[in-house]
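S.K.: Structure in structure tokens, see below.
Bear in mind these aren't lab numbers, they're just calculated from the coordinates by the rules spelled out. In this text, all values refer to a predicted model and were calculated from it rather than measured experimentally. Counting neighbours? That spans all protein chains shown, and the Cβs are built from the backbone with ideal geometry, glycine included.
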Amino acid sequence: MELKDSYDVMVVGAGPVGLFLAGELRRGGVDVVVVERLGERSQQIKAGSVGPSSAEVFDQRGLLDAFPKPDLSMFKGAPPLGHFAGLWVLRGAPELRTMPIFAPQPDVEAVLERYVTDLRVPVVRGCEVTGLDGERVTVEHDGGTTTVRARYVVGCDGGRSTVRRLAGFGFEGTEATITGRQALVDLAEPNPLQKGWNRTDTGMVVHGPGPQRVLTVEFDGPPADRDRALDRAEIEASLRRVSGTDVVVERLLTGTRWTDNTRQAVSYRMGNVLLAGDAAHVHPPFGGQGLNLGFQDAANLGWKLAATVTGRAPAGLLDTYFEERAPVAAAALANTRAQIAVMRPDPQTSALRELFAELLAYDEPNVHVSRLMTGVDRPYPMASDHPEAGRVVADRPVGAARLYELLRTPGGLLLDATADGAAGRIAQGRVRVERGPESLLIRPDGIVAWGGEDLSGLDKALETWFGRP
């Protein structure tokens with residue numbers, strides 16, 4: 001597939017976040033292209049789940065049923081919502097209504113690539129962005145070098161983002177102190193590894209949820225050469241050191257190293273260049289927060305950038321992307337640092353970890369940490385006192401349909417429960433209007449912007465997010 005001369009938006013990176021963002025932009029009427037350095041989709045093991053809030057947004061796009069049912073045999077009884085530092089005790093919170101999607105990242109990417117293909121979004125592989133100069137983007141590929149005009153460029157190209165480097169974004173944080181290894185392997189039988197997450201005197205070792213997935217964490221500093229390919233001998237040696245067993249790795253299918261390097265961009269926008277996902281923030285993968293953060297970035301940015309490109313955005317709309325998303329990422333970075341602190345294999349940390357586990361047995365601390373780990377502890381600030389304001393809307397019946405089914409049509413949605421249809425008349429021409437069980441204004445990213453009976457508040461919310469009539 002060849003690149004055109006110009007696009008409204010170029011998304012750099014065909015990982016899960018880049019693909020989902022491209023879909024959001026296309027739904028908003030934008031001419032968008034995704035360019036990817038790799039020639040084909042990576043099968044390397046990375047993230048293993050998608051958080052509850054993003055699962056609900058996927059349901060709003062009709063994607064939830066596209067994921068296969070996972071093997072959760074590593075859990076005894078009903079699986080918990082998630083874990084903190086390998087403590088699988090999180091039971092959830094009232095705002096968390098949907099289980100995470102337990103699916104490996106390659107499977108998530110496959111679902112999203114089919115999704116954007118159906119939306120007619122071109123994904124051009126084997127293309128590396130090497131220059132940014134205003135709206136001019138230099139792209140290198142097998143056929144040489146091409147200059148493409150893009151009104152906006154969004155870097156979704158990972159923690160070592162080329163877009164972030166070329167545009168000159170500051171990227172501040174803390175250096176790596178650990179080495180993590182994750183792999184899909186064939187293990188010789190009898191296999192001495194215990195299922196689940198196991199903390200030992202030398203680190204953390206994980207086996208599952210699938211029979212081939214293994215993970216180790218060693219607290220002996222960062223890897224000497226992170227870019228060198230992980231081989232069978234290295235993962236076997238690490239498994240043996242941490243588990244204290246004579247486990248034998250017969251074959252390495254795919255594997256990677258990672259660290260606790262933790263950083264966040266000082267801004268998510270410089271002129272016409274924006275960042276999303278790991279390009280905007282990096283942290284260790286504990287708790288499966290990375291993809292959830294990235295998908296929420298994409299959902300938040302997609303409709304705002306589409307409205308800006310198509311001339312429908314009220315003043316300052318695009319600036320709210322950083323204002324809303326940066327605090328959520330900062331909180332995630334902080335809790336992953338805390339998880340490292342309670343995973344260290346020393347007697348003092350063992351005492352702290354035991355105390356922390358005792359606290360999580362109580363409902364209030366468990367709810368707090370569950371909210372923290374899923375990013376729902378920080379609702380976006382809204383000028384509305386509705387209990388759902390600033391959060392992903394809960395699904396509910398609306399007439400003969402589900403609300404999430406109605407949200408599959410792009411754009412904002414007002415549910416109007418006023419007796420005389422007054423709320424709908426205020427909203428007419430700015431968002432779709434449906435009669436509903438209660439009056440709610442829902443942004444295109446599924447976030448409740450207003451609710452209740454104060455119609456002056458509705459008018460203000462409509463002007464803030466969708467402009468004047």
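S.K.: Shape verdict for the stretch 397-466, please, from the Cα gyration tensor: rounded (a/c under 1.5), prolate (a/b greater than b/c) or oblate.
M.R.: oblate
S.K.: So in the stretch 397-466, what percent of DSSP beta bridges are antiparallel if you round to the nearest 5?
M.R.: Restricted to the stretch 397-466, the bridges split so that about 65 percent are antiparallel.
S.K.: While we're on this one: Step through the residues of the stretch 170-176 one at a time and calculate ³J(HN,Hα) from phi using the Karplus curve (6.51 cos²θ - 1.76 cosθ + 1.60, θ = phi - 60°), rounding each to whole Hz and writing x for Gly and Pro.
M.R.: Couplings: x, 9, 9, x, 10, 6, 6 Hz.
S.K.: In degrees between 0 and 90, to the nearest 10, how far off the longest principal axis of the chain does helix 289-309 point, with axes built from Cα atoms?
M.R.: 20
S.K.: Cut-off under 16 Å on the C-alpha distance; same-chain residues fewer than 8 positions from LYS195 excluded. Which lysines are left, in chain and number order?
M.R.: List returned: LYS76.
S.K.: Right, something else. If one takes the longest principal axis of the Cα atoms in the chain, at what angle in degrees, from 0 to 90 and to the nearest 10, does the Cα axis of helix 347-359 lie?
M.R.: Its long axis makes an angle of about 40 degrees.
S.K.: Still on this model: Neighbour counts of other C-beta atoms within 10 Å: give me LEU112, LEU166, LEU301 arranged from fewest to most.
M.R.: So the residues, fewest neighbours to most, are LEU166, LEU112, LEU301.
S.K.: Among DSSP beta bridges lying fully in the chain, give the percent that are antiparallel, nearest 5.
M.R.: Just about 70 percent of them are antiparallel.
S.K.: Report, in whole Å, the centroid distance computed from the Cα atoms of the stretch 312-326 and the stretch 114-160.
M.R.: 24
S.K.: Under 5 Å between amide H atoms, partner at least 5 residues away or on a different chain: which partners does LEU187 have, H built in plane at 1.01 Å?
M.R.: GLU250
S.K.: Could you work out how far the C-alpha centroid of the stretch 183-207 sits from that of the stretch 404-468, in angstrom?
M.R.: One Cα centre to the other: 51 Å.
S.K.: May I pose another question? Taking 30 Å as the cut-off for C-alpha to C-alpha distance, list the pairs among LYS46/LYS69; LYS69/LYS304; LYS4/LYS69; LYS4/LYS46 that go past it.
M.R.: In this structure, LYS69/LYS304; LYS4/LYS69; LYS4/LYS46 lie more than 30 Å apart at Cα.
S.K.: Taking all pairs of distinct Cα atoms, average 1/r, flip it, and tell me the Kirkwood hydrodynamic radius of the stretch 205-315 in Å to one decimal place.
M.R.: Answer for the stretch 205-315: a Kirkwood hydrodynamic radius of 17.3 Å.
S.K.: Would you please classify the overall shape of the stretch 179-258 from the alpha carbon gyration tensor, given that a ≥ b ≥ c denote the square roots of the eigenvalues, rounded means a/c under 1.5, and beyond that prolate means a/b larger than b/c while oblate covers the rest?
M.R.: Taking the square roots of the gyration eigenvalues as a ≥ b ≥ c, the stretch 179-258 is oblate.
S.K.: Kindly express, to the nearest 10 degrees and within the range 0 to 90, the angle between helix 455-466's C-alpha long axis and the longest C-alpha principal axis of the chain.
M.R.: It works out to around 70 degrees.
S.K.: Could you list HIS207, HIS83 so that the one with the fewest beta carbons within 10 Å of its beta carbon is first and the one with the most is last?
M.R.: So the ranking, lowest neighbour count to highest, is HIS83, HIS207.
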